[in-house]
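All of the numbers you see were taken from the coordinates with simple rules; none came from a lab. Computed from a prediction, not measured in an experiment: that's the story for all the values here. Counting neighbours? That spans all protein chains shown, and the Cβs are built from the backbone with ideal geometry, glycine included.
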Amino acid sequence: MSFFHALQINENVCEGCSHCMRVCPTEAIRVRDGKAHINEDRCIDCGNCFIACPHKAVFVKQDDFEEIFKYACRVALVPAVFLGQFKDEISVSRIYSILNEIGFQHVIETEITVPIYTEAKNRLEREGNTKPLISSYCPAIVRLIQVKFPGLVDNIMPVKAPLDITAMYIRRKLVKDGWPEDQIGVFYVTPCAAKIAAVKSPVGEEKSSVDGVINMDSLYNRVYKKIKEQGHDYKEVKLPIAQLTSDSILNSLTNGERRLSVSEHSLSIDGMDNVIEFLEKVENDEIEDVDFLELRACDQSCPGGILTYNNRFLTCERMFNRARYVAGKERRGELTRADEVEDERAYLLDNVAVGPVEARSISLDPDISKALEKMNKIKELERQLPQIDCGICGAPSCDALAEDIVCRGCKLSDCIFIQRNMEAHKTQKVEESLKTMENIWGYEKIENFVKNK
Amino acid sequence: MHLEYTVIEGDFVNAGSASSSIKKTLKQLNVNPSIVKRVVVALYEAEVNAIAHAYGGVVTADIDAGKILVRVIDKGPGIPDIDWAMQEGNSTASPEVRNMGFGAGMGLPNIKKNVDRLNVQSTVGVGTTVEMEVNLS
């Protein structure tokens, strides 16, 4: 089975410096021939490597912007985080207007269907068959659980994320308005790589309702360029702006789901390391009495996505301010409700379910006898390796190298410590040793290193 | 494959370290997640028992293609009446411990529910060996 991955390595830029390898939560990266390589079975598109790379060699594959013009009816599906990228003086209507100028006749905020999503989620919480129920909101978390915590896949709530519900909604609305299905193109503006993977190879669904993905940073550039070009001299095209509720605006922030939870005990955890630490305990059954878990891969949730431009704390602040302003209107009864979405409530609730999430196990071998044999060899090797996880062998840890020796044709002499010993005991020549290092770090790096000495 | 861990009396902070490590191993062996879960739940329970009631001990695990055999061997004080201890609700825990939410008398019964074979041997003054076996396929 193969999985679509948005995160890729640009080999022309990669220096094989191994920073990415050290931060990957699923140990998916190895350095070979002086370049980082991502193991597609293990990658969950979390973006840790993207953040860690000092050379910008990790990039996020996106659809060509011109793709949108394949469709006659073009929709930009923008998360509230996108509007949070801009300073307060740039109005929502102006951003909508510019999105229209660059090609989208319709702009809709992803969070418009959050009330539907919340109701579906709360129903599951009330039924209470699964404990703890884990939110399906963050696709990097769903993938993390598939790969690293296969025992917890059934805890993930089988509900579409707001982005998919909104795509489904707008598609239905436009068909009702008379657009032929195949002429509608829905493009999601993504703050992260995982949501691209979620659209391209959805979990628990055959096909996503989203036709393409635009990276938030590149759209920010396009919009900001227009703002700069126009200066103060511009005319706005007034597009209908559906009003998000204050709850909906806060949905993509940490605590956004938890604050609306109907369970007695619910937690919200953001940041990959924090989530892993907690899921280990859940998997061991050490956690009792937690009903609902909101888990987000990025620090500060979606404002911390790798494709955002603005500082995540400032984005949160802007979104809080927007929510506070809307909450004031709500209190005074001034908010025009998104009636069109409300009209579709029954249909959407009937269609929010997705199939079960399947585990993407990363075992040593499908056959348990063979796996056991390999495991015995690995344990033996682990005892021989220095266990300091230096990474010089091109694997993130000594245990990972042990596994690579048994399963992926690496050699014990890939370990620099063992190599030195072999040289000292005359069981390996210096040339052989250099050759090994060259296989890992590439000819150029070794050559430069030797030359500069 | 043979694995071994030490359990220290009263060390609740590190309860679950043996079950965590065994869990990792079983996952790499491609054992069905629901079976892994049963092993982990049973072992965690037994580990906590040894920490709470005994003077420490060892956990051993032997894994082959068909089954996992886990032994929790403690150094006493031993269980005077095993049949009594196996019944739900029976507990020797003090009222203070029960007030903290432990000692509900579900330890051994919960282990029994999760494993395919359970054997408890105990000699008062010497120690208890809880032997549990789970089929892996």
Check: Fewest first, what order do A:His232, A:His265, A:His5, B:His2 take by the number of other Cβ atoms within 10 Å?
Finding: A:His232, B:His2, A:His265, A:His5
Next item on the list: Only Lys, Arg, Asp and Glu count, each charged at its Cβ (+1, +1, -1, -1), so figure out the dipole size of chain A about its Cα centre, rounded to 20 debye.
Entry: 1140
Check: Rounded to a whole number, what is D in µm²/s for the range A:320-450 from Stokes-Einstein with the Kirkwood radius over alpha-carbon pairs (37 °C, 0.692 mPa s)?
Finding: 162
Check: Label points 7 Å out from Cα along the Cβ direction at A:Glu277 and B:Ile82: separation in nm?
Finding: 4.1
Item checked: Gyration tensor (alpha-carbon) shape descriptor, chain B, a/c threshold 1.5 -> prolate
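Rounded to the nearest 500, what is the 222 nm mean residue ellipticity of chain B from helices alone, with -39500 (n - 2.57) per DSSP H run of 4+ residues and division by all residues?
Here the helix-only value at 222 nm equals -10500 deg cm²/dmol.
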Next item on the list: Extending each Cα 7 Å along its Cβ direction at A:Val13 and A:Leu412, get the distance between those two points in nm, one decimal.
Entry: 4.1
Check: Hey, quick one: spin label on B:His2, modelled 7 Å out along Cα-Cβ, who in the range B:16-57 has an amide N within reach, i.e. under 20 Å?
Finding: B:18-19, B:21-23, B:25-26, B:57
Note to self: Can you give the FRET efficiency to the nearest 0.05 for B:Gln121 and A:Leu314, using r as the Cβ-Cβ distance and R₀ = 56 Å?
What the structure shows: 0.30
Next item on the list: Select from A:Ala193, A:Gly103, A:Ala424 the residue farthest towards the positive end of the dipole of the protein assembly as shown; place +1 on Cβ of Lys and Arg, -1 on Cβ of Asp and Glu, and compute about the Cα centre.
Entry: A:Gly103
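Here are some pairs, A:Lys70/A:Lys238; A:Lys87/A:Lys226; A:Lys207/B:Lys27; B:Lys24/B:Lys67; B:Lys37/B:Lys112; which of them have Cα atoms lying more than 20 Å apart in this structure?
Those over the limit are A:Lys70/A:Lys238; A:Lys207/B:Lys27.
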Check: Using a Förster distance of 41 Å, how high is the FRET efficiency between A:Glu340 and A:His265, based on the Cβ-Cβ distance and rounded to 0.05?
Finding: 0.70
Margin query: When a/c reaches 1.5 or more, the comparison of a/b and b/c decides; with that in mind, is the range A:1-61 rounded, prolate or oblate per its Cα gyration tensor?
Written below: rounded
Next item on the list: Work through the residues other than A:Met422 whose Cβ is under 14 Å from its Cβ and net out their charges, Lys, Arg +1 and Asp, Glu -1.
Entry: +1
Next item on the list: Work out, step by step, the length gained on full extension between A:Glu423 and A:Asp88: first 0.36 nm times the residue separation, then minus their alpha carbon distance; give nm to one decimal.
Entry: 114.2 nm
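When ranked by the protection proxy of mean other Cβ atoms within 10 Å per residue, highest first, what sequence do the peptides A:114-121, A:246-253, A:317-324 form?
Those peptides, ordered most packed to least, come out A:246-253, A:114-121, A:317-324.
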Checklist line | Beta bridges per DSSP with both ends in chain A, % antiparallel, nearest 5 | finding: 30
Next item on the list: Using only the Cα atoms of the protein assembly as shown, build the gyration tensor, take square roots of its eigenvalues as a ≥ b ≥ c, and label the shape rounded, prolate or oblate: rounded if a/c is under 1.5, else prolate if a/b is larger than b/c, else oblate.
Entry: oblate
Notebook entry, point to check: Where does helix A:114-127 land angle-wise versus the long Cα axis of chain A, in degrees 0 to 90, nearest 10?
Noted result: 70
Next item on the list: Mind ranking A:387-400, A:345-358 by how tightly packed they are, going by the mean number of other C-beta atoms within 10 angstrom, highest first?
Entry: A:387-400, A:345-358
Next item on the list: Return, ordered by residue number, the residues of the range B:111-134 whose backbone nitrogen is under 18 Å from a label point located 7 Å along Cα→Cβ of B:Asn32.
Entry: B:113-117, B:133-134
Notebook entry, point to check: Taking Cα atoms, how many degrees apart are the long axis of helix A:272-283 and the longest axis of chain A, rounded to 10 and kept between 0 and 90?
Noted result: 80
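I need the peptides B:42-55, A:83-96 ranked by packing, meaning the mean over residues of other C-beta atoms within 10 angstrom, with the highest value on top.
Highest to lowest by the protection proxy: B:42-55, A:83-96.
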Checklist line | Net dipole in debye of the range A:1-139 [+1 Lys, Arg Cβ; -1 Asp, Glu Cβ; about Cα centre; nearest 20] | finding: 340
Check: To the nearest 10 degrees, how steeply does helix A:368-384 sit against the main Cα axis of chain A, on a 0 to 90 scale?
Finding: 60
Check: Between A:Ser218 and A:Glu127, what is the FRET efficiency for a Förster distance of 56 Å, r being their Cβ-Cβ separation, to the nearest 0.05?
Finding: 0.85
Check: Can you give the mean number of other chain Cβ atoms that lie within 10 Å of the Cβ atoms in peptide A:362-372?
Finding: 5
Item checked: Extension gain, A:Arg32 back to A:Asp182 (0.36 nm per residue minus Cα-Cα distance, nm) -> 49.6 nm
Next item on the list: Count the lysine pairs in the range A:364-453 whose Cα atoms lie under 29 Å apart, taking only pairs 8 or more positions apart in sequence or on different chains.
Entry: 29
